[in-house]
1. Restricting to segment 77-100, name every residue that is of a type outside the set (A, V, I, L, M, F, W, C) and within 21 Å of the chain's Cα centre (by Cα).
2. Pull out all pairs, ordered by first then second residue, where Cβ-Cβ is under 6 Å, the residues are six or more apart or on different chains, the first lies in segment 233-245 and is surrounded by 16 or more Cβ atoms within 10 Å (Cβ to Cβ), and the second is in a loop (DSSP other than H, G, I, E, B).
3. Mind listing whichever residues of segment 81-103 are crowded, with 18+ Cβ neighbours inside 10 Å, within 14 Å of ligand 1 (Cβ to nearest atom) and either charged (D, E, K, R) or assigned to a loop (DSSP other than H, G, I, E, B) (or both)?
4. When you scan segment 132-148, do you find a residue that is aromatic (F, W, Y), away from ligand 1 (no atom under 16 Å from the Cβ) and farther than 25 Å from F346 by Cβ, even just one?
5. For segment 285-312, enumerate the residues that are assigned to a strand (DSSP E or B) and of a type in the set (S, T, N, Q).
6. Quick one: is I43 more than 25 Å from R360 (Cα to Cα) and either part of a loop (DSSP other than H, G, I, E, B) or assigned by TED's automatic domain parsing to the domain that holds I314 (or both)?
7. Go through segment 288-323 and count every residue that is of a type in the set (D, E, K, R) and within 22 Å of S269 (Cα to Cα).
8. For segment 61-80, which positions are buried (at least 24 other Cβ atoms within 10 Å of the Cβ) and either hydrophobic (A, V, I, L, M, F, W, C) or part of a loop (DSSP other than H, G, I, E, B) (or both)?
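The values are calculated or read from the model by the stated rules, or taken from the named source; none is laboratory data. Because the structure is a prediction, the values reported are computed rather than measured. Note that each Cβ is placed from the backbone with ideal geometry, even for glycine, and that neighbours are counted across all protein chains shown.
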Amino acid sequence: MTSDSFDYRATIDEMMPGVIADRRHLHQHPELAFQEFETAAFIAERLDALGLEDIKTGVGKTGVTGLIRGTGTSGSGKVLMLRADMDALPILEENEVDYVSQNPGVMHACGHDSHVSMLLGTTKVLMDRRGDFDGTVKILFQPAEEGGGGATAMRADGALEHPTVDAAMGLHIWQDVPCGDVWVRPGTAMVGVTGFTITVYGTGGHGARPAKCIDPIVVGSSIVSAALTLVSRERDPITPEVVSFGSFKAGNAFNVIPDTAVLLGTIRSVTKAQGEAVKQRLQALAEGVASSMGARVEFEFGGAAPPLINDPEIAEIVRAATTEAFGPERVSEGNLMSVSEDFGEFLDPVPGCYFFVGSRNEDKGFVYGHHHPKFDIDEEAMATGIEAMARSAIRYLQN
Ligand SMILES: [Zn+2]
Ligand SMILES: [Zn+2]
């Protein structure tokens with residue numbers, strides 16, 4: 001199959017007022033990780049109204065899934081999963097719009113509100129076209145993408161089974177990309193992440209008598225200095241890696257050497273093996289520094305997501321579908337991103353493609369980046385996202 005003559009643009013243009021209303025409703029009612037109860041209820045009601053089968057709520061705590069069964073005769077009868085994340089962030093919104101967050105301190109500052117409304121829009125297009133394919137589309141709304149482990153929770157609840165998912169697609173609205181453009185990257189598209197906590201155990205005492213103490217602040221500082229040489233001096237500069245510290249907490253008085261110091265940080269890597277190697281070296285280095293200074297460390301790793309690796313064949317389906325829709329000048333591979341996304345958890349066992357839809361519009365003032373208190377998107381991007389996803393799904397299912 002090479003071309004899809006369905007008039008997506010007219011169909012989606014007609015839907016857009018509803019899609020925008022949905023997004024603004026969700027934007028006004030943001031919910032944090034694993035607390036997306038109202039969001040999940042809103043979604044389940046919509047899926048029911050659209051006529052989806054086997055709608056499940058409470059998957060991975062607050063996730064929602066539903067099935068679209070193709071009734072056509074063309075295709076291979078495969079199961080394709082389409083995913084949107086639905087959690088917001090603990091940020092106080094600074095936008096002055098009439099759809100500003102009604103939940104102070106919580107904000108859809110990453111665009112997951114638009115992901116939900118786009119996937120509802122895509123679901124409608126696919127329901128209307130289910131006579132054109134004979135496979136199944138599993139529509140999946142995931143909680144807790146922002147470091148909460150929502151994808152892992154949904155997998156543990158069997159989201160990739162009943163029926164078994166053959167391939168997966170997802171998208172993120174992206175503020176570094178002009179509205180109307182699409183980035184589709186075969187292979188690694190986003191790096192993997194591992195968070196770490198290092199607790200340094202020293203011996204506290206009077207600030208005037210350091211010789212009687214083992215100062216965990218000094219040990220911790222030495223660990224930070226040593227750890228920052230790990231990437232710059234030990235690792236191959238051809239493949240990017242990052243080690244960063246985000247928190248260093250110790251003591252609470254000016255004249256007391258504390259017993260412990262706690263350091264938090266993050267490791268980013270392009271491959272799982274690299275991430276594992278950096279983890280091991282960081283641990284060895286911290287243990288060596290601590291023991292040479294008479295202290296002891298304990299490590300805890302968490303908040304991990306694997307690198308997001310797109311299957312080349314499915315990425316090609318998305319590239320071909322979006323190129324057909326928007327023209328080659330609007331579709332590119334884009335950049336490898338040093339941010340992470342737990343859709344990689346789904347792409348570990350299942351081949352798939354995660355791509356980016358531009359939402360930046362300087363003329364309209366939509367320039368603030370993700371997680372900024374003034375983040376807002378050009379809602380036109382959602383028409384691009386729906387068309388990109390619907391065309392890619394149909395192309396996959398008809399092949
Ligand atoms: Zn985010
Ligand atoms: Zn996000």
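1. Passing the criteria: R83, D85, D87, P90, E93.
2. Pairs found: E241/R235.
3. Scanning segment 81-103 gives D85, M86, D87, A88, I91.
4. no
5. Once the filter is applied, which keeps residues that are assigned to a strand (DSSP E or B) and of a type in the set (S, T, N, Q), segment 285-312 yields only N310.
6. yes
7. Residues that pass the stated criteria total 2.
8. T62, V64, I68, L80
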